[in-house]
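Quick notes on the structure that follows.
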Amino acid sequence: MKKANGVYRLQIIKEVAIRKQLEGSSDPMANHIHQLLESRSADPHSEETQLFSGNHYDDQAGGWVSNFWNAK
């Protein structure tokens, strides 16, 4: 297994430290926001299933695209 580069390793260490800090937190709002972010990152296709007014997610374009661009 290759050794991860320093920036990646520091990012992992930071994420673990933040997670440990939040686990010990008694702030209900911080815990709720953390749970929302974790559930969002657990669903990789969440962006593709959402629709916004007049927009849709296009994987080929790499992001959100107006529905009116296809209209002629």
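Overview of values
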{"quantity": "Solvent exposure ordering (accessible area, 1.4 Å, most first) of VAL7, VAL65, VAL16", "calculated": "VAL7, VAL16, VAL65"}
{"quantity": "Simple label model, 7 Å out from Cα along Cβ direction - MET29 to ALA61, nm", "calculated": "3.6 nm"}
{"quantity": "Contour minus Cα-Cα distance for ARG19 and PHE68 (0.36 nm per residue)", "calculated": "13.5 nm"}
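The values are calculated or read from the model by the stated rules, or taken from the named source; none is laboratory data. None of the values given here were measured: they were computed from a predicted structure. We place every Cβ from the backbone using ideal geometry, glycine too, and count neighbours over all the protein chains shown. Heads up: the accessible areas ignore ligands, DNA and RNA and are worked out on the full protein's heavy atoms, side chains in. Shrake-Rupley method; radii C 1.70, N 1.55, O 1.52, S 1.80 Å.
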